[in-house]
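> Here's a structure for you.
The values are calculated or read from the model by the stated rules, or taken from the named source; none is laboratory data. Computed from a predicted structure; not experimentally measured. Note: ideal-geometry Cβ built from the backbone for every residue, glycine included; neighbour counts use all protein chains shown.
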Amino acid sequence: MSNGNFYIETYGCQMNEHDSEKMAAALKRMGLTPVPTPEAADVVLINTCSIREKAEHKVYSALGKLKPLKKKNPLMITVVAGCVAQQRRADLLKKVGHLDAVVGAHQISELPSIIRRVRKTKERIDATQFTSRVESLHLNAPGLGPSRVWSYVTVMQGCSNFCAYCVVPFTRGPEQSRPSEEVIRDVRGLVNKGRREVTLLGQNVNAYGRDLGNGTNFPRLLQELDRIEGLARIRFTTSHPKDFGTDLARAMADLPSLCEHIHLPLQSGSDRVLKAMGRGYTLAEYTAKVEMLRQMIPKVAITADMIVGFPGESDEDFEQTLSALERIRYDQIFSFKFSPRAGTRAQNLPDQIPDEIKAARLKQVHAIQDRITLDYHRASEGVIEETLIEGIKEGSGQPYGRTRTNKIVNLDGSNCAAPGELIPVKITKGLKHSLVGERV
Ligand code: SF4
């Protein structure tokens, strides 16, 4: 029986997307039905991101659009979850009169009871307390998610690193790992439902197991997952460079299901800036790890995050970032202008960089990386890549999928492969953002 409709809008990282999947599963268990627009919903949930100022602004604008809807339908329940909820808490409830509840990262499992309470008592709820055991970490989202071919699985959440610019330790709390048997059970369940690939999520997967105190660690977890029959591919994100070591590189080289791709955020090419960011490594230490990876796994694709315009970043510091990009030659990067976040050390650092300089620097970074990415894509023309088909484009019937190195491949021809098939594809054209190929 339907208990009403719900709509979820998600901003931010994969961890947020996966949290939304868990919240959708919980709402479905309550008897609510998902709808594609907020206009048709009785419960509207905005799962927020506050990693950058722009992402936070989007939340306020989304909330503004809900005001007339709530006026039309006063029984509509509006909820803000995620990082902005965690950071702004009661302040958000005070400022946004039509908001019913804020739900922090540690309280996701409480969502159904929060909605019941609001329905019954009409009270406005602040559920943003941190707990020592995050219940939502132990929830899985069976059979949900963006794809029928692959799924996210959280292995740990939170972060204890406190990089100078980052809100995550404040919004998600300290590192907490899931017991390995729970992760293995979830992955087995997903494989039984037909998933061929999983992406293991954690703010710093290298910290996996440290808090469990039973000797387990991330490479050991990977070894166990690799034994699961029917699981073709394992990916993971994110790995902190300071904690990345030979044991994980060895696992990547040895375990057949572990894909040859790693996201290893550098953030800056200047040691001075890295120190101010509190990243815990120098450029030389970082590049030594990249070299080790490339020696052990010659095909490995490496991606990174970069921040430009961190407070005090001089022209010389920025030149070092550009030269690091040229030397390391990433397959792809995600680059951002520094954005001061409330409560972080970097918010009040002197020498904040004017926005027009940040924008110009970002443009230079994009130009270099676009050229390098295109070089990689063109160099793969003629190469045969194992491709996992993820879907079929509507209209054209063109299958698309990803290589083990996480590159998107669009197949030439229609309906020549089905989602879930793992097939050899000859790359025929390398484009700026993707590859074109034909089934061999
Ligand atoms: S490692 Fe640093 S950037 Fe990454 S989540 Fe933790 S504090 Fe944020």
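> crowded, with 17+ Cβ neighbours inside 10 Å and out of contact with any His (no Cβ under 9 Å at 6 or more places or on another chain): is that true of Ile297 in this structure? Spell out how you get there, then give the answer.
Working: crowded, with 17+ Cβ neighbours inside 10 Å: yes; out of contact with any His (no Cβ under 9 Å at 6 or more places or on another chain): yes.
Spelling it out, Ile297 is indeed crowded, with 17+ Cβ neighbours inside 10 Å and out of contact with any His (no Cβ under 9 Å at 6 or more places or on another chain).
> In segment 217-227, is there at least one residue being of a type outside the set (A, V, I, L, M, F, W, C), closer than 17 Å to Tyr152 by Cβ and in contact with a Phe, Trp or Tyr (Cβ under 7 Å, 6 or more places away or on another chain)?
In the first step, residues of segment 217-227 are kept if they are of a type outside the set (A, V, I, L, M, F, W, C); the result is 217, 219-220, 223-224, 226-227.
Subsequent filtering for residues that are closer than 17 Å to Tyr152 by Cβ retains none.
No, segment 217-227 has no match at all.
> Further question: Would you please list the contacts, defined by Cβ atoms under 7 Å and residues six or more apart or on different chains, that run from a residue in segment 259-274 that is at positive phi to a residue that is within 16 Å of the ligand (Cβ to nearest atom)?
Filtered contacts from segment 259-274: Gln267/Leu274; Gln267/Met277; Gln267/Arg279; Gln267/Asp305; Gln267/Met306; Gln267/Ile307.
> When you scan segment 174-185, do you find a residue that is free of Cβ contacts under 8 Å to residues at least 40 places away in the same chain, buried (at least 20 other Cβ atoms within 10 Å of the Cβ), within 16 Å of the ligand (Cβ to nearest atom) and of a type outside the set (S, T, N, Q), even just one?
Yes: segment 174-185 contains one or more residues that are free of Cβ contacts under 8 Å to residues at least 40 places away in the same chain, buried (at least 20 other Cβ atoms within 10 Å of the Cβ), within 16 Å of the ligand (Cβ to nearest atom) and of a type outside the set (S, T, N, Q).
> Scan segment 137-162 for residues that are away from the ligand (no atom under 16 Å from the Cβ), touching a Lys or Arg at 6+ places or on another chain (Cβ under 6 Å) and modelled with pLDDT under 85 and report the count.
3
> Yes or no: Lys363 in the same structural domain as Ser335 (by TED's automatic domain parsing) and surrounded by fewer than 16 Cβ atoms within 10 Å (Cβ to Cβ)? I'd like the intermediate steps shown before the answer.
Details: in the same structural domain as Ser335 (by TED's automatic domain parsing): yes; surrounded by fewer than 16 Cβ atoms within 10 Å (Cβ to Cβ): yes.
The answer is yes for Lys363.
> Ok, one more. Go through segment 294-346 and give me each residue that's in a loop (DSSP other than H, G, I, E, B), farther than 20 Å from Glu56 by Cα and touching an Asp or Glu at 6+ places or on another chain (Cβ under 6 Å). Can you show your working first?
Keep residues of segment 294-346 that are in a loop (DSSP other than H, G, I, E, B), which gives 297-300, 309-314, 329-331, 338-344.
If we keep only those that are farther than 20 Å from Glu56 by Cα as well, we get 297-300, 311-314, 329-331.
Passing the criteria: Ile297, Lys299, Val300, Pro311, Gly312.
> Continuing with this model, one more query. Residue by residue through segment 186-215, note down the ones that are away from the ligand (no atom under 16 Å from the Cβ) and part of a loop (DSSP other than H, G, I, E, B).
Step one: filter segment 186-215 for residues away from the ligand (no atom under 16 Å from the Cβ), giving 186-199, 209, 212-215.
The answer is Lys193, Gly194, Arg195, Arg196, Gly209, Leu212, Gly213, Asn214, Gly215.
> Can you tell me which of Ile408, Ile368, Ile333 is of a type in the set (Val, Ile, Thr) and outside the structural domain of Arg235 (by TED's automatic domain parsing)? Lay out the reasoning, then the answer.
Details: Ile368 fails: outside the structural domain of Arg235 (by TED's automatic domain parsing); Ile333 fails: outside the structural domain of Arg235 (by TED's automatic domain parsing).
Of the residues listed, the single one that is of a type in the set (Val, Ile, Thr) and outside the structural domain of Arg235 (by TED's automatic domain parsing) is Ile408.
> Taking the residues in segment 391-418 that are buried (at least 18 other Cβ atoms within 10 Å of the Cβ) and modelled with pLDDT under 95 as candidates, determine which candidate is nearest to the chain's Cα centre (by Cα).
Ile392
> Moving on. Could you list all residues from segment 347-357 that are assigned to a helix (DSSP H, G or I) and within 20 Å of Cys163 (Cα to Cα)? Reasoning before the result, please.
Quick first cut of segment 347-357, residues assigned to a helix (DSSP H, G or I) only: 347-348, 355-357.
Listed by number, the residues that qualify are Gln347, Asn348.
> Which is part of a helix (DSSP H, G or I), free of Cβ contacts under 8 Å to residues at least 60 places away in the same chain and in contact with a Phe, Trp or Tyr (Cβ under 9 Å, 6 or more places away or on another chain), of Lys94, Lys71, Lys58?
Working: Lys94 fails: in contact with a Phe, Trp or Tyr (Cβ under 9 Å, 6 or more places away or on another chain); Lys71 fails: in contact with a Phe, Trp or Tyr (Cβ under 9 Å, 6 or more places away or on another chain).
Step by step, each of Lys94, Lys71, Lys58 is checked, and only Lys58 is part of a helix (DSSP H, G or I), free of Cβ contacts under 8 Å to residues at least 60 places away in the same chain and in contact with a Phe, Trp or Tyr (Cβ under 9 Å, 6 or more places away or on another chain).
> Run down Leu225, Leu231 and say which single residue is part of a helix (DSSP H, G or I), away from the ligand (no atom under 16 Å from the Cβ) and either modelled with pLDDT of 95 or more or assigned by TED's automatic domain parsing to the domain that holds Glu175 (or both).
Numbers: Leu231 fails: part of a helix (DSSP H, G or I).
From the options Leu225, Leu231, the qualifying one is Leu225.
> Name the strands (runs of 3 or more DSSP E) wholly inside segment 359-440 in which the number of residues that are among the polar types (S, T, N, Q) is 1 or more. Quick ask: steps written out before the conclusion?
Working: elements: 384-392, 399-403, 408-411, 422-430, 435-439.
Strands (runs of 3 or more DSSP E) meeting the threshold: 384-392, 399-403, 408-411, 422-430.
> Quick check on segment 253-298: of everything there that is of a type in the set (S, T, N, Q) and away from the ligand (no atom under 15 Å from the Cβ), which residue is farthest from the chain's Cα centre (by Cα)? If you could, list the steps in order and put the result at the bottom.
Start the filter on segment 253-298 by keeping residues that are of a type in the set (S, T, N, Q), which leaves 257, 267-268, 270, 282, 287, 295.
From what is left, the residues that are away from the ligand (no atom under 15 Å from the Cβ) are 257, 270, 282, 287, 295.
Numbers: Ser257: 21, Ser270: 25, Thr282: 25, Thr287: 24, Gln295: 27 Å.
Here the answer is Gln295.
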